[in-house]
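Worksheet: one structure, shown below.
Just so it is clear, none of the values below were taken in a lab; they were calculated from the coordinates. The shown structure was predicted, so the numbers you read here are calculated from the model rather than taken from an experiment. No Cβ is skipped: glycine too gets one built from the backbone with ideal geometry, and neighbour counts run over all protein chains shown.
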Amino acid sequence: MSRLDEVQKFSKEFEELYSKYGIIGFQKQCFFAKFVEDHNWEADLPNRKIVFENLGSFKIKVVGTLNEDCFHWADQSCPISFSDELSGDVIKSVREFDVKEFKESKLEFEQCEGQDLWFHRLTCVLIPLLGALGVYRCSGVVILIMDPENPLSMPTESKEKLLIEGSYAFQDILHPLCKPLDQKAGWLEYLKYHGFEFAEESDEKGSYIKIKDHQYMISFDGSNVVTKIANKL
């Protein structure tokens, strides 16, 4: 059995969400991780916040718990009980999507090398879908990092840098165990999310996204697989 066969299989509906949001989620997680770096932190679940030393505090939400063989959503069947204020609206938001993985109380997965990549897929969808900055695991509790509690000055990225970071994030999620099925859908959503102006074109060789004012062009084959990312200058 190959490693590809060992990895948890997701539903078609989940794969569509991952294709659209995977690049956004991964880029946001990397950006936040770079921002907090190795600063000490402490999660304060009763007060619904996480504090990073010298950086301030952020609101948090609990999405579930994770152990060696399954992920539990933070609903009534979860082994750990969480208040509605901490997790209720998150679970309600997730359950509104007609996705099998979001409707079940727990998700079991095989004991395999792909476990971390399975969790990576899930969090890359949840971060943009629920408006989070990132995801942390705190002693088995999976928390979403939400808005800063105090007027915290987080750095902003230039459009050019967002294009470069998007390209890096895209290359990273192309690992055979976690690449999106529809790569064009992911790029379109990423560009919309960050407010880029772009135009779509196609010819007998495939389709293209031309990003206005930045001279970037992304080329796709007939299956929406990226064939080239280039600066036209």
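Here is how the number arises for the chain: DSSP H runs of 4 or more residues each give -39500 (n - 2.57), the sum is divided by the residue count, and the result at 222 nm is -10500 deg cm²/dmol. Note on SER87, SER139: ascending count of other Cβ atoms within 10 Å places them as SER139, SER87, the fewest first. How tilted is helix 159-172 with respect to the longest principal axis of the chain? Cα atoms for both, answer in degrees (0 to 90, nearest 10). The angle comes out at about 80 degrees.
For the stretch 36-45, backbone phi angles converted through the Karplus equation (6.51, -1.76, 1.60; θ = phi - 60°) give residue-by-residue couplings of 7, 6, 9, 5, 5, 9, 9, 8, 10, 4 Hz, Gly and Pro being listed as x.
Longest span of the chain, sites excluded, free of GluC sites (Glu not before Pro) in DSSP loop with at most 16 other C-beta atoms within 10 Å?
With a cap of 16 other Cβ atoms within 10 Å, the longest stretch comes to 158-196.
The phi-based Karplus calculation (6.51 cos²θ - 1.76 cosθ + 1.60; θ = phi - 60°) puts the 3J(HN,Hα) values of the stretch 116-133 at 5, 5, 4, 5, 4, 4, 4, 6, 5, 7, 5, 4, x, 5, 9, x, 8, 8 Hz, whole numbers, x for Gly and Pro. Rounded to the nearest 0.05, what FRET efficiency is calculated for SER105 and LYS159 with R0 set to 41 Å and r the Cβ-Cβ distance? Computed FRET efficiency for SER105 and LYS159: 0.45.
One decimal place: the segment LEU45-ASP98 gains 16.2 nm when fully extended, by the rule 0.36 nm per residue minus the C-alpha distance. Exposed loop sites here mean trypsin sites (Lys or Arg not before Pro) with a DSSP loop assignment and at most 15 other beta-carbon atoms within 10 Å; the chain contains its longest site-free run at 10-204.
So which of LYS34/LYS61; LYS49/LYS92; LYS103/LYS228; LYS59/LYS184 end up more than 31 Å apart, counting from Cα to Cα? List each step's numbers first, then the result.
Details: LYS34/LYS61 21 Å; LYS49/LYS92 20 Å; LYS103/LYS228 37 Å; LYS59/LYS184 33 Å.
From the list (LYS34/LYS61; LYS49/LYS92; LYS103/LYS228; LYS59/LYS184), the Cα-Cα distance tops 31 Å for LYS103/LYS228; LYS59/LYS184.
For ILE60, the residues whose amide H sits under 5 Å from its own are LYS49, ILE50, MET146, ignoring neighbours fewer than 5 places away on the same chain, with H placed 1.01 Å from N.
Neighbour counts of other Cβ atoms within 10 Å put THR227, THR156 in the fewest-to-most order THR156, THR227.
Using the Cβ atoms and a cut-off under 15 Å, what net charge is assigned to the surroundings of GLY140, where Lys and Arg are +1 and Asp and Glu are -1? Kindly include the intermediate steps, with their values, before the conclusion.
On the way: positive: LYS106, ARG137; negative: GLU68, ASP69, ASP116.
Net local charge, GLY140 excluded: -1.
A simple spin-label model places pseudo-atoms 7 Å from Cα toward Cβ; at LYS228 and SER81 they are separated by 6.2 nm.
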